[in-house]
Amino acid sequence: MTIDQTVLIVGAGHAGFQVAVSLRQSGYQGPIKLINDERLLPYQRPPLSKAHLKGAGGEESIVFRPQKFFDDQSIELIADRAVAIDRAQHIVKLASGASEAYGHLVLATGARNRLLDVPNANLDGVMYLRTFAESEALRTRIEAGQRVVVVGAGFIGLEFAATARAKGLEVDVLELAPRVMARAVTPEISAYFQRKHAEAGIRIHFGVGATEIEGENGKVTGISLTDGRKLPADLVVVGVGVLPNIELAAEAGLAVASGIIVNERLLTDDPDISAIGDCALYVSRRFGVPLRLESVQNATDHARCVAGRLTGKPEDYDGLPWFWSDQGADKLQIAGLTAGFDKVVVRGDPEQGSFSAFCYKDNHLIGIESVNRAGDHVFGRRMLGANRSITPEQATDPAFDLKKAMA
């Protein structure tokens, strides 16, 4: 592409915002336009289930930058929604009827909540938590003494449950799996958080799901479970995962599967269209398999990779995944991908609330899950980023110096 062509970005979450910023930081002088289908300026997502939900700060506390930043950086914000891509004409059509031309198009369309598929799931009081509007609606609804049922014991469900319980609500959590965060963390980490949430007064029900939302006069009154029980509820908060927003790409004829398919440089099968962040199914050189990850790290690192390519510094994407979750007073941090481990060793003491699960496959370190142990997380990101390892015996030895091993 030439320097005077427009980079048009669809989606103003972490990925979309970062690619615009990184282009300017890399010296790109051409037009940059960012299509944002929410009324708020581009904003951070993690606080929505934590600080913002607790009532700490307003809109200004979660936006990435004020309007002046976008003006100063000549990043044009377009308050509209993309509805179609005309690849032949290099145009994106918008819901308003307008259209925007592009030299290179970046799809940062993210993901949306997976909806609860049971009768009466549209009653007043059935809520989700992914956008600012959803967090704001929940913040105005949660009051001490209310009864809330959370469907799903993943990161978002448990973060909300901890916040709601701290604000004095009665909280029940439903989870089909036999432990919390079962698809994301080791049994050792699950056991710790199950205990901590139970100690806080949160009731977690395993092996059960919802069969129907109970209501009266259009409002939620309870929820029926697969085991025949019924739980009273003033609110039902659903956290059963997300679906990548791939429809725009699919309708334009781009290859899609469980995400928008891109190569190791995050290009689709159209050389003028990239896809990044939660919506992108990318070829991972590090892990040797296609991946679609939902994390701030993945979104921002994807963005930097694309900005580098568009400014003459092309590289294969090879970022190390890392994640975090704040649940009550505990911080969970994960470095690497721990799925597929065949051995877990614990460093530290779960009873003291500070420990890490070092995960191995064929005696090679593949990931570290840490609770209130930031040093272990930093170690994991450094070692795994360099494709280095320590032995399981070294990991469990409290006298083994991780800092020296990093050096």
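The values are calculated or read from the model by the stated rules, or taken from the named source; none is laboratory data. Because the structure is predicted, anything quoted here is derived from the model rather than measured. Cβ sites come from the backbone with ideal geometry, for glycine too, and all protein chains shown count toward neighbours.
Descriptive notes on the structure:
- Extreme residue, nearest to Arg141 (Cα to Cα), among residues of segment 45-76 that are assigned to a helix (DSSP H, G or I) and either modelled with pLDDT of 95 or more or of a type in the set (Lys, Arg) (or both): Lys54
- From Val262, Val185, Val208, Val220, residue being hydrophobic (A, V, I, L, M, F, W, C), surrounded by fewer than 19 Cβ atoms within 10 Å (Cβ to Cβ), outside the structural domain of Gly367 (by TED's automatic domain parsing) and in contact with a strand residue (DSSP E or B) (Cβ under 6 Å, 6 or more places away or on another chain): Val208
- Strands (runs of 3 or more DSSP E) completely within segment 327-407 that count 3 or more residues being within 26 Å of the chain's Cα centre (by Cα): 330-336, 354-361, 364-371
- Qualifying residue in segment 169-181 (condition: over 28 Å from the mean Cα position of the chain (by Cα) and either under 15 Å from Asn120 (Cβ atoms) or not assigned by TED's automatic domain parsing to the domain that holds Ala357 (or both)): no
- Criterion violated by Leu77 - all others in (1) among the aliphatic types (A, V, I, L, M); (2) surrounded by 15 or more Cβ atoms within 10 Å (Cβ to Cβ); (3) in the same structural domain as Glu175 (by TED's automatic domain parsing) satisfied: (3)
- The lone exception for Gly288 - which of (1) small (Gly, Ala, Ser); (2) modelled with pLDDT of 95 or more; (3) not in a strand (DSSP E or B) it fails: (2)
- Condition broken by Thr109, with the remaining ones in (1) crowded, with 16+ Cβ neighbours inside 10 Å; (2) in contact (Cβ under 8 Å) with a residue 40 or more places away in the chain; (3) touching a Ser or Thr at 6+ places or on another chain (Cβ under 8 Å); (4) under 23 Å from Val242 (Cβ atoms) satisfied: (3)
- When Ala153, Ala144, Ala162 are screened for being touching a residue at least 24 places away in the same chain (Cβ under 8 Å), surrounded by 19 or more Cβ atoms within 10 Å (Cβ to Cβ) and part of a loop (DSSP other than H, G, I, E, B), only Ala153 passes.
- Looking across segment 22-58, the residues that are among the small types (Gly, Ala, Ser) and under 30 Å from Pro314 (Cα atoms) come down to Ser22, Ser26, Gly27, Gly30.
- Just one of (1) touching a helix residue (DSSP H, G or I) at 6+ places or on another chain (Cβ under 8 Å); (2) farther than 27 Å from Gly11 by Cα; (3) hydroxyl-bearing (Ser, Thr, Tyr) fails for Thr338. It is (1).
- Subset tally (residues that are surrounded by fewer than 24 Cβ atoms within 10 Å (Cβ to Cβ), touching an Asp or Glu at 6+ places or on another chain (Cβ under 9 Å) and in contact (Cβ under 8 Å) with a residue 40 or more places away in the chain) for segment 287-309: 4
- Failed item, numbered, when Ala191 is tested on (1) part of a helix (DSSP H, G or I); (2) surrounded by fewer than 17 Cβ atoms within 10 Å (Cβ to Cβ); (3) without any contact (Cβ under 8 Å) to a residue 60 or more places away in the chain: (3)
- Checking Ile390 against (1) closer than 28 Å to Ala329 by Cα; (2) touching a helix residue (DSSP H, G or I) at 6+ places or on another chain (Cβ under 6 Å), the condition it does not meet: (1)
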